[in-house]
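As structure tokens, the structure follows; a few thoughts come after it.
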Amino acid sequence: MAKRLLAVTTVAMFAFAACSPGATTGPTGPAATSGATAGASTAAGGCLVGVSWNNYTQERWAKADEPNIQKAVTAGGGTYARTDAKDNSEQQLKDVDNLIAQGAKVLIILAKDADAIKPAIDKAKTAGIPVIGYDRLIEDADVFYITFDNKRVGTIIAQEVMKAAPTGNYAIIKGDPGDANAEFLRSGMTEAGIPKMGETNAAGIKVVYEQNTANWDTTGARTNMDAALAANQNNIQAVLSENDGMATGVVQALDAVGLKIPVGGQDGDKAALNRVALGTQTVSVWKNANDLGAVAGSVAIQLCNGTKGDAVTAPDGLSTSAAPTSKTAVKFTTPKGNSVNSITLNPTPITKANLSEVVDAGWVTKADVCAGVTAGAVAPC
């Protein structure tokens, strides 16, 4: 499901004793084991920023989000500590307890489950610790929300695929049902003109399959796409996948039956960008996670220093394509009617026409993008 974001950072000047054996310092070491903390504790008066990752093994967290969170925290005089819940909601609750016990003064949480995390949010609020919901919405008016415009991501995926397949049967492979981003993405697709399941729009696009995929899982997406093909006798002309990891499973299913049709995704994963170059994926909506991490680290330090949520600002130096429309936090109304302070960055569609952008930005290498691609077929290759 998104499975695009995104989707944070810091090191201090103080010594830290990890609370569990095997913990490492900083993002360059291996991910901390469940319940273990990687980082350093602060001296009195310092700002320890605790980050709770739902599953640190996802490629982008270690590559982009965390280093930039950590850089911003360090620049602000703070210290960074990480925990990894390894896709376990109960473990994530323990991890947040761990960070609070270590003296975290701000928490950045990438929630495994937005509902299951609520006891941890309540505990943090009781302790007076500001919380940032990172790249996934947490339904609480007191939690600062940092993300990309996920509705816009869904709109872009749909628009680019509709250019390639303006009519015909569509399958939609949605992300985890417990992640609000899945519905944000679908609402963006709807705004682009994609009809509801079973309906046909004026252009002749009919949604013949639509299903969520637990944990935005590649294998689960493959299973869903196999089911979509079987139910429609392979008569599908396009697929809207809500992230690149799931698009991998989608393309595997299509390859198995010899279909090459437009597929959309998001996140700017290496494999997806290579598929864009090869022509087996139409678009990957890139969310510059370097910028998202920089924003999160900066906001964490501001909150730690006592800045109110509605007065927080995005840092300077963000890339032009990702920069938020408003530098100062704005109010975001959640699906459940909460009004939260938020900074929302902008996504960038990557197609064959602008593949050079991700290479020039250092997001991926030319070798990553061009593996197996005929020389001269696309600009970077």
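When you look at Ala75, is it surrounded by 21 or more Cβ atoms within 10 Å (Cβ to Cβ), under 20 Å from Ser298 (Cβ atoms), of a type in the set (Gly, Ala, Ser) and at pLDDT 95 or above, yes or no?
For Ala75, the condition - surrounded by 21 or more Cβ atoms within 10 Å (Cβ to Cβ), under 20 Å from Ser298 (Cβ atoms), of a type in the set (Gly, Ala, Ser) and at pLDDT 95 or above - is not met.
Going by what's in this entry, would Leu229 be described as in a helix (DSSP H, G or I) and over 29 Å from Arg136 (Cβ atoms)?
Criteria met by Leu229.
Residues being hydroxyl-bearing (Ser, Thr, Tyr) and either within 16 Å of the chain's Cα centre (by Cα) or in a helix (DSSP H, G or I) (or both): count how many of those fall in region 262-298.
2
Return yes or no: is Thr307 outside the structural domain of Asp65 (by TED's automatic domain parsing) and more than 19 Å from Ala64 (Cβ to Cβ)?
no
Within the group Thr307, Thr320, Thr325, which residue is surrounded by fewer than 21 Cβ atoms within 10 Å (Cβ to Cβ), of a type in the set (Val, Ile, Thr) and more than 22 Å from the chain's Cα centre (by Cα)?
Thr307
Among the residues in region 162-170, are any within 12 Å of the chain's Cα centre (by Cα) and hydrophobic (A, V, I, L, M, F, W, C)?
Among the residues of region 162-170, not one is within 12 Å of the chain's Cα centre (by Cα) and hydrophobic (A, V, I, L, M, F, W, C), which makes the answer no.
Since Thr320 meets every condition but one in (1) in a loop (DSSP other than H, G, I, E, B); (2) under 15 Å from Asn274 (Cβ atoms), which condition does it not meet?
Just one mismatch for Thr320, condition (2).
Scan region 154-174 residue by residue and report those that are touching a helix residue (DSSP H, G or I) at 6+ places or on another chain (Cβ under 6 Å) and either farther than 13 Å from Arg186 by Cα or among the aliphatic types (A, V, I, L, M) (or both).
Correct list: Ala158, Ala171, Ile173.
Do we find a residue being out of contact with any Leu (no Cβ under 6 Å at 6 or more places or on another chain), assigned to a loop (DSSP other than H, G, I, E, B) and under 20 Å from Thr280 (Cα atoms) anywhere in region 196-204?
Checking region 196-204: not a single residue is out of contact with any Leu (no Cβ under 6 Å at 6 or more places or on another chain), assigned to a loop (DSSP other than H, G, I, E, B) and under 20 Å from Thr280 (Cα atoms).
Pairs under 7 Å by beta carbon, first residue assigned by TED's automatic domain parsing to the domain that holds Asp135 in region 316-334, partner of a type in the set (S, T, N, Q) and exposed (fewer than 12 other Cβ atoms within 10 Å of the Cβ), six or more apart or different chains?
Lys331/Ser339; Thr333/Ser339
Answer yes if at least one residue in region 53-62 is modelled with pLDDT under 95, under 22 Å from Ser298 (Cα atoms), of a type in the set (Phe, Trp, Tyr) and touching a Lys or Arg at 6+ places or on another chain (Cβ under 9 Å), and no otherwise.
yes
Report, by residue number, each residue of region 328-357 that is surrounded by 15 or more Cβ atoms within 10 Å (Cβ to Cβ), assigned to a strand (DSSP E or B) and not polar (S, T, N, Q).
Once the filter is applied, which keeps residues that are surrounded by 15 or more Cβ atoms within 10 Å (Cβ to Cβ), assigned to a strand (DSSP E or B) and not polar (S, T, N, Q), region 328-357 yields Phe332, Val340, Ile343, Leu345, Pro349, Ile350.
For Asn215, all conditions in the list (1) part of a loop (DSSP other than H, G, I, E, B); (2) closer than 30 Å to Gly293 by Cβ hold save one; what is the number of the exception?
Exception for Asn215: condition (1).
Here's the yes/no breakdown for (1) in the same structural domain as Val295 (by TED's automatic domain parsing); (2) modelled with pLDDT of 95 or more; (3) in a helix (DSSP H, G or I):
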| position | (1), (2), (3) |
| --- | --- |
| Ile132 | yes, yes, no |
| Ile138 | yes, yes, no |
| Ala158 | no, yes, yes |
| Lys163 | no, yes, yes |
| Ile173 | no, yes, no |
| Gly178 | no, no, no |
| Arg186 | no, yes, yes |
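Considering only residues that are of a type in the set (A, V, I, L, M) and farther than 25 Å from Asp291 by Cβ, look in region 78-119 and name the one that is surrounded by the most Cβ atoms within 10 Å (Cβ to Cβ).
Looking at the filtered set, the residue picked out is Val96.
Can you tell me which of Gly168, Gly128 is out of contact with any Lys or Arg (no Cβ under 6 Å at 6 or more places or on another chain) and either among the basic types (Lys, Arg) or in the same structural domain as Leu318 (by TED's automatic domain parsing) (or both)?
Gly128
The values are calculated or read from the model by the stated rules, or taken from the named source; none is laboratory data. Remember, predicted model here, so these are calculated numbers, not experimental data. Neighbour counts run over all protein chains shown; Cβ positions are idealised from the backbone, glycine included.
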